[in-house]
1. Of the residues that make up the stretch A:281-300, is at least one part of a loop (DSSP other than H, G, I, E, B), surrounded by fewer than 23 Cβ atoms within 10 Å (Cβ to Cβ) and within 12 Å of the ligand (Cβ to nearest atom)?
2. Any residue at all in the stretch A:146-157 that's more than 14 Å from chain B (Cβ to nearest Cβ) and in a loop (DSSP other than H, G, I, E, B)?
3. Need at least 1 residues that are within 13 Å of the ligand (Cβ to nearest atom), in contact with a helix residue (DSSP H, G or I) (Cβ under 7 Å, 6 or more places away or on another chain) and away from every other protein chain (no Cβ under 14 Å) per element, so show me which helices (runs of 4 or more DSSP H) inside the stretch A:357-464 make the cut, counting only ones lying wholly within it.
4. I need a count of the residues in the stretch A:242-257 that are part of a helix (DSSP H, G or I) and open to solvent by 20 Å² or more (accessible area, probe 1.4 Å).
5. Within the stretch A:107-140, can you find the residues that are farther than 17 Å from residue A:43 by Cα, surrounded by 24 or more Cβ atoms within 10 Å (Cβ to Cβ) and more than 9 Å from the ligand (Cβ to nearest atom)?
6. I'd like the residue in the stretch B:445-480 that is at pLDDT 95 or above and polar (S, T, N, Q) and, out of all such residues, is farthest from residue B:508 (Cα to Cα).
7. Would a scan of the stretch A:535-546 turn up a residue that is within 23 Å of residue A:335 (Cβ to Cβ) and assigned to a loop (DSSP other than H, G, I, E, B)?
8. With the checklist (1) within 13 Å of another protein chain (Cβ to nearest Cβ); (2) of a type in the set (A, V, I, L, M, F, W, C); (3) surrounded by 18 or more Cβ atoms within 10 Å (Cβ to Cβ) in hand, flag the one item residue B:364 doesn't pass.
Amino acid sequence: MALDGLSRRDLLRIALGAPFMGLAPRLLSGCGPGRGVPEGELLDFGRARAHAALRDSRGMTLANMPADIARERRGVVVVGGGVAGLAAAWRLVGEGGLGERGDVLVCELEDVVGGTARAGRSELSAFPWGAHYVVAPFSEDRAMVRLLGEMGCFEGVDRHGHPNAAEGAAVRELEERHFFEGRFSAGLYPGDGETAEEKAERERFGRRMDALAGAVSARGRAFTLPVSQVAEVDGVDAAALDRMTFAAWLEAEGFRSWRLEWLCDYACRDDYGTSAAACSAWAGLLYFIARRRPEVGLEDRAVITWPEGNGRVVEHLARQVGATRIETGAMVLDVEADDAGARVLVVDRAGRARVIACDSVIVATPRHVARHVVRAYREAPPAWMDAFTTAPWVVVNLHLSRRPETVGVAQAWDTVFIGSASVGYVDAQHQRGRDHGPTVWTWYRPLFEAGEVRKQCEAVGREGWVEAALSELELGHPDIRRCVVRADVGRLGHGMVRPVPGLRRHLESARVAPHPRVRVAHTDLSGVALCEEAVDHGLRAAEEVLAARGGDVRSWR
Amino acid sequence: MGDVARDAEGGREVGREVAAAYGPRRVPLLFLNVVIIAVCGLVYELLAATVSSYLLGDSVTQFSLVIGVYLTSMGLGAWISRYINMRVARGFCEVQLLIALIGGTSAPVLFFVFGLTGKVAVVLYLEVTVIGALVGLELPLLMRLLEKDLQFKDLISRVLALDYVGALFASLLFPLVFVPMLGLVRTALLMGFVNAVVGLWATSLLRFELRPSARASLRVRGVILAVALAVGVIKAEALTEMAEERVFRDPIVYAESTPYQRIVVTSAHESFQVYLNGQLQLDASDEYRYHEALVHPAVAALGRPLRRALVLGGGDGLALRELFRYPQVEAVTLVDLDPGMTSLSRRFEPLAALNRRSYEDRRLTVVNEDAFLWVDGEAKDGREAAWDLVVVDFPDPNNYGLGKLYTRHFYQRLRALVAPGGRVVVQSTSPLAVNRSYWTIIATLEAAGFVVHPMQVTVPSFGVWGFGLAGVGDFAAPRELGAPEAGGRFVPEGLRFVDSEVMRGMFVLPRDMARVEVEVNRLDNQILVRRYEAEGERWR
Ligand SMILES: Cc1cc2nc3c(=O)[nH]c(=O)nc-3n(C[C@H](O)[C@H](O)[C@H](O)COP(=O)(O)OP(=O)(O)OC[C@H]3O[C@@H](n4cnc5c(N)ncnc54)[C@H](O)[C@@H]3O)c2cc1C
């Protein structure tokens, strides 16, 4: 059976990556896709609408608009309704409105807000299409403490003043399990059959991370979130760490256990959509260290999640901002500013173009969009622009009528297949406490590969990805095909910024506003894709706007 | 010896004669045999590999080991075939029947042995070796039977080609038809049956090469075997239960797999036992101790009249029986995950009789839902705190799905549903056998804002068992049995175990069950599941 012109073997290779192919003969001889691929739809985030709008409005800019074009006035326009854009609007609205100079308007290209943190919903369950968890913040991340506090995610503080995640908010045990040698076991680390040597190495790795987590100077920490709070610390050469890959760092430190290597590579692919061999050592270490504090206890911070993933955060922010301040299906094509004010060219849901005049604009889109939308960037692309690259993601949402069989540890929120190129799946109903019956499993596959393989992956369509996901899941859930009633696939063409070596040194320049009336916000300005960063940049940009208006602005950051 | 040799010679003579007359049809039929034999042989191999990866895990290793051992054994069988010089036809038929017997029972035997000992590798590889050797023996024997009918090059090409075709059939049928439609045990039995029938058929195809006495003996055995295997195919469900019986000690009288659990009822000593997922839930001979202790002290501790009661878990209906002893009860809601369990309690006569047909009581409402979600939903809907009494009777926390029903989160939500002066009683595992687990549950109830009185009672089939009697706000452990009523107490009739004095004793915990300081069980740590598992190890 061929799907999207690919054989089952190709699909397996795509889903699992080379290391897993040892299992292929068994899979290929096993029950094939007998009853065909379950129905569902393919969603191309950003792409479908953006391409259609661009086709219709090719070359449309503020400069060549007819004189009779519709016009409108606002205080601040936020371009992009992802977490960063919504957080910016939340901050502006939180200042008690913007007075008589006009209100805030968030323009979001898609039909729903959320961007890479958007959620979906079916009769079976709500489920994520992208981001699906945040880590309980330390007290210094005041923005996240405020946001999650508003959402009721905390109960009290610990003896260091850090908020404790509430019992229903923190992920329910079992948090993670992995599939290795024919069965599921608890945790992420494939510990079965670990040798004494490997164990010693794992422990040494833990001690190394603790030492780095304890790297503090009077100004702050070497690794923390948001990264705007990172400080210079003696003995940690951040610039050097940014020049090398994480894989090279592990090698240089003498970490050779395949188990540890797998864990590190998995971490990079899971959080950054990039392999350890392509990810900078600085970003790799940030993953392990930013959420770790020796004085708080070596347990990593609690993970906070919801059935719909970070869609819950999006929903909260959108509610705080208010529906009247958000316009969906609104694509911004051009942003320009001068001393008199700023102007934004928008094509609305019905395809009508209009110009919004305002005091300031916050461009909360990724760099590759900002470069086309912001006139200043378009006319003179800054040198740092090309340093930003992205990793596409494929997300398969499998709607299940019941839970498939499992060999070994049952029921976990996050399930990972050791050796696979995917980063496994999360169970939407786990956090609700539903252990039986229908649920949605969200399977994630970052396209971290380069060149040919990436091109091949990008050519795979819905059926191919569903088949690839099922082929992998079948390893541990032999009857999964009988449980799937629907399978939707989302392709996030520019899912995540890639924290490759050398990117970090450009971040500071990239954050600089292209014009005093045009501020930028997006998680990619931190070089890593994380909710904490999106919120931080949203608040920073909003507070820059507020500061420019004068008056006393108390920072939420 | 001379006789035998002459017989063989004679057989060959007759064979030639027959070949002339009967040959044209006989040869294709024997070739059909080749195909069937190949199918059965490969299916046994796939069965063994599947069962082993099922029971031993690590499918890659198991598959390749089984295949390797099987192929080697086939080689061994082929080599042995040269030592069979006489009575080739009989040998062929005997081998057929042996394969039918050993192959046909291979999967049931493996599951049986696994149920009995928990180990399976030795028997598995023994089976694979024997079946492999027999299958390896079969083809050379058949080829020698046919050698007189055909030229060698034709013979070898056809036999081998058909053998491989059979293998193709098997590899398609096994995953697409046999496993999904029949399951492993039935597939094995069916293949055995087919082998036996082929063996019988061969006795007729080769009738001129077999001595009458040998033919008769083969046929009798073949028929018995075929019938036995056919019965097996039809009654495979019962076979699975027989295997379980080894695990359950006593004869199984009822078994059912629901989407949620495996329910098994056994019968012994004029009593019966109910197991959920292999864990004893009740023994009819002494459950009254458990259920009287669960319900009546909690009723006696009520700070308000008993009108509305909630039972969480407890699908066996036995807590209901105790509740319905109080005529003042107006409404009872029972929330149990598994419709299989509640319908068993309603319809399975011994259990229905034991719970005194509580399910027929018009005051009862049954909800089949996960109690965690049900309580969450009620608490969210802001239902008024309306329950006078809540009986929490879940299986022990031996997995995370059950562990969530023992968390602070769950108890907090539950607390919001309890009326002022209402009480909650919680089955809390054994304070003796799993002391720390017991106190974890008590401490978790306290952390959720309940005042708790620990209790213990002896139930012979369980051992020393524990409950937590909980209320919102301070209250005293009850001293007199009975539901509070205007002007006194209503004491139900027919109790076999508790009276006021016995009840007072339940609130005294001997030293070996004394309180230990333990952490609270939360959704995000679920320490109880791990603790229970670790403590339980010692007692298994
Ligand atoms: C598959 C995946 C999984 C992830 N998982 C996690 C996770 O578990 N935890 C976590 O913390 N982070 C996760 N992330 C990172 C996630 O990207 C960030 O947490 C955060 O949601 C980024 O928000 P943002 O607003 O900066 O960017 P985006 O989400 O990219 O938002 C940008 C918005 O701008 C809109 N837009 C673009 N162009 C235009 C235009 N011309 N006009 C109008 N609007 C436009 C887009 O539609 C989009 O809504 C994940 C990312 C991906 C891709």
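1. Taking the stretch A:281-300 first, the residues part of a loop (DSSP other than H, G, I, E, B) are A:290-292, A:298-300.
Those left that are additionally surrounded by fewer than 23 Cβ atoms within 10 Å (Cβ to Cβ): A:291-292, A:298-300.
Subset that is within 12 Å of the ligand (Cβ to nearest atom): A:291.
Yes, there is a match, as at least one residue in the stretch A:281-300 is part of a loop (DSSP other than H, G, I, E, B), surrounded by fewer than 23 Cβ atoms within 10 Å (Cβ to Cβ) and within 12 Å of the ligand (Cβ to nearest atom).
2. yes
3. Values: elements: A:367-373, A:375-379, A:451-459.
Counting at least 1 such residues, we get A:367-373, A:375-379.
4. Applying the first criterion (part of a helix (DSSP H, G or I)) to the stretch A:242-257 yields A:242-243, A:246-252.
Keeping just the survivors that are open to solvent by 20 Å² or more (accessible area, probe 1.4 Å) gives A:243, A:247-248, A:251-252.
Count: 5.
5. Matches in the stretch A:107-140: A:137 only.
6. Taking the candidates together, the pick is B:458.
7. Just the residues of the stretch A:535-546 that are within 23 Å of residue A:335 (Cβ to Cβ), to begin with: A:535-546.
Within this subset, residues satisfying the condition of being assigned to a loop (DSSP other than H, G, I, E, B) are none.
The answer is no; no qualifying residue exists.
8. Unmet condition: (1).
The values are calculated or read from the model by the stated rules, or taken from the named source; none is laboratory data. What you see is a predicted model, and the numbers here were worked out from it, not measured in a lab. FYI the Cβ positions are ideal-geometry reconstructions off the backbone, even for glycines, and counts take in every protein chain you see. The area values use the complete protein model at the heavy-atom level, side chains included, leaving out ligands, DNA and RNA. Shrake-Rupley method; radii C 1.70, N 1.55, O 1.52, S 1.80 Å.
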